[in-house]
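Q: There's a structure below that I have some questions on.
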Amino acid sequence: MNVTGFTAAGPLTRFALNMRRAVRGVAVVVLMAGGAAQADTLADALVGAYNQSGLLEQNRALLRAADEDVASTVAGLRPIINWSADITRSMAYGNRPGGGTIRTGDTDINAGIIAELLLYDFGQQRLRIAAAKEAVLATRQTLISIEQQVLLRAVAAYMNVQRNTRFVELRRSNVRVISESLRAARDRFEVGEVTRTDVAQAEARLASARSGLAGAEGDLNQAIEEYIASVGKRPGSLARQPRLPEIIRSVDSAKQVAMRNHPDMLKAQFDVASADLNVRVAEAAVRPRMTLNGTLGVNDEFNSNNFGQTATVGVQIGGPIYQGGLLSSTTRRALAQRDALRGALHVVRDNVRQNVGVAYAILTATRASAEASSEAVRAARVAFEGVREEANLGARTTLDVLNAEQELLDAQANQISAQADVFIAAYQVLASTGQLTARQLNLGVQSYDPTLYYDLVDDAPVPSSQQGQQLDKVLRALGKE
């Protein structure tokens, strides 16, 4: 059939016009998806994740428990004062000279105060305190590591919602484009321009597009649920992609920074220091202890009407002689744990270095993919417009146009995904070097100060003291009292 015989209002021309409108719709939708109302930024998501994370709350509580280990160990250097009281009844039975039984009894009441103060133990208790302090420092690094995980999860959740939102818009545009193609194919079929096969091909492609849209909407719903779980609220209209964070350009320099700053590395170092001190504690356990002991008591015998007071004070020195091998076993166990933690330090060092290298490799690959996908979108758009014009001249079939449109859709989807992957990879680089924290990202949140609670409890205050009252205020502010 001579295509040039159709008038300007013919089906083929309407097909071309419909395709032009559909292509412009694709571009408009993509731009709208990228320029949505700035309701939720990435910084908003990170702030929400930091403020509502139950995982952070859990590990902050574990840190406070580690702080209390220091306080309880410090208490061992202070006087220990206990009280006790008892009532005893003694009975005696005998025979009367003229027959019968004699029964006598006394009731004693005793009350007293017992005090003990450690004078010298060859530094064993102070070694325990030092080991507990190293454990606190290690637990602080665990909290920082958890913070990085929480923030990185929020980044991924944010970018995945943005990615899948744009996918849904792209799929909806695709459905509209193919619907126009199907309408044009049916018009052309009515005038004998194409066969039933062309119409069936467009119908099949439309069904596939609707299936793809349903899948994209399902992926978006899943991404929204992950966002809610990680950020604490439902996402609004997400802002355009923010600027990439500043990262260290050299991989070798990044590895050196990670060796000095990564929380996993620092935790392993503090664990080894604590284990070294625990070995010395176990070795000191075989040495004697010197304590100052004192008692103050009163007693009363009901039947004899005797009332008395007693007081004692003295110095006691003692130590183990034989405990069935317990002390030597404890020392060997401490040595084995120290060796294990030293080995773990080497493992952590290797893992941190590897994670930095892998993170940079992923970032490089995603950047290259993003650049390639941009070029692919440009080429696919040119190809689609060319096929569309050729179809207008009768040199291309409906299937050719549908295939070209599908290639453009795939290229745009790859571009959207690659752009999101670049951001996730960039923040993964920050996490691998230990720089993904609220403070280093300047999120503007009130950061949790791990030293505040420690400074209030490290010398084991009693509730009636001024420091104990300040501690009560802190606990009320945390909602723990």
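Q: Assign one of three labels to region 166-229, namely rounded, prolate or oblate, based on the Cα gyration tensor with a ≥ b ≥ c the square roots of its eigenvalues; rounded applies when a/c is under 1.5, prolate when it is not and a/b is larger than b/c, and oblate otherwise.
A: Prolate, because a/c is 1.5 or more and a/b exceeds b/c.
Q: Let me ask something additional. On the full set of protein chains, 1.4 Å probe, figure out the accessible area of Leu296 and give it in Å² to the nearest 10.
A: About 100 Å², ignoring ligands and nucleic acids.
Q: Show which aspartates and glutamates lie in cross-link reach of Lys133 when reach means a straight Cα distance below 18 angstrom and same-chain residues fewer than eight apart are skipped.
A: The qualifying aspartates and glutamates are Asp67, Glu68, Asp69, Asp264, Asp271, Asp276, Asp449, Asp455, Asp458, Asp459.
Q: Shape verdict for region 100-203, please, from the Cα gyration tensor: rounded (a/c under 1.5), prolate (a/b greater than b/c) or oblate.
A: On the way: a/c = 9.44, a/b = 3.29, b/c = 2.87.
The shape class here is prolate.
Q: Can I ask one more? Tally Lys and Arg at +1 and Asp and Glu at -1 over the other residues with C-beta under 15 Å from the C-beta of Gln435: what net charge comes out? Numbers along the way, then the final one.
A: On the way: positive: Arg249, Lys255, Arg260, Arg439; negative: Glu147, Glu246, Asp264.
Net charge in that neighbourhood comes out at +1.
Q: Ignoring ligands, DNA and RNA, how do Met259, Met265, Met290 rank by accessible area with a 1.4 Å probe, largest first?
A: Ranking Met259, Met265, Met290 by accessible area, largest first, yields Met290, Met259, Met265.
Q: Cα to Cα, under 12 Å, and not fewer than 8 places away if on the same chain: which aspartates and glutamates meet these conditions relative to Lys267?
A: List returned: Glu134.
Q: Which trypsin sites (Lys or Arg not before Pro) from region 364-453 combine a DSSP loop assignment with at most 12 other Cβ atoms within 10 Å?
A: Arg439
Q: For Glu68, what accessible area in Å² do you get when you roll a 1.4 Å probe over the heavy atoms of the protein chains, rounding to the nearest 10?
A: The value for Glu68 is about 70 Å².
Q: Does region 276-392 come out rounded, prolate or oblate by the C-alpha gyration tensor, with a ≥ b ≥ c the root eigenvalues, rounded set by a/c under 1.5 and, if not, prolate when a/b is larger than b/c and oblate if not?
A: Prolate, since a/c reaches 1.5 and a/b exceeds b/c.
Q: May I ask you to compute the full-extension gain from Gln316 to Asn221, defined as 0.36 nm times their residue separation minus their alpha-carbon distance, rounded to one decimal in nm?
A: Full extension from Gln316 to Asn221 adds 27.1 nm.
Q: Can you give the local net charge around Leu55? Use residues other than it whose beta-carbon is closer than 12 angstrom to its beta-carbon, Lys and Arg +1, Asp and Glu -1.
A: 0
Q: Give the share of C-alpha pairs in each 5 angstrom bin for region 197-250, from 0 to the last occupied bin, in whole percents, shortest bins first.
A: P(r) for region 197-250, in whole percents per bin: 4, 14, 11, 13, 14, 11, 11, 9, 7, 4, 2, 1.
Q: Using r as the Cβ-Cβ distance of Asn261 and Ile87, and R0 as 60 Å, what FRET efficiency do you calculate, to the nearest 0.05?
A: Between Asn261 and Ile87 the formula returns 0.40.
Q: Taking the simple approach of a point 7 Å from Cα along Cα-to-Cβ for both Arg332 and Val191, what is their distance in nm?
A: Going from the Arg332 label point to the Val191 one covers 9.7 nm.
Q: Taking the dipole about the Cα centre of region 168-271, with the C-beta of Lys and Arg at +1 and of Asp and Glu at -1, give me whichever of Phe189, Pro263, Ala207 is farthest to the positive side.
A: Pro263
The values are calculated or read from the model by the stated rules, or taken from the named source; none is laboratory data. Quantities reported herein were computed from a predicted structural model and do not represent experimental measurements. Using ideal geometry, Cβ is built from the backbone for each residue, glycine included, and neighbour counts are taken over all protein chains shown. What goes into the accessible areas is simple: the full protein's heavy atoms, side chains included, and nothing from ligands, DNA or RNA. Shrake-Rupley method; radii C 1.70, N 1.55, O 1.52, S 1.80 Å.
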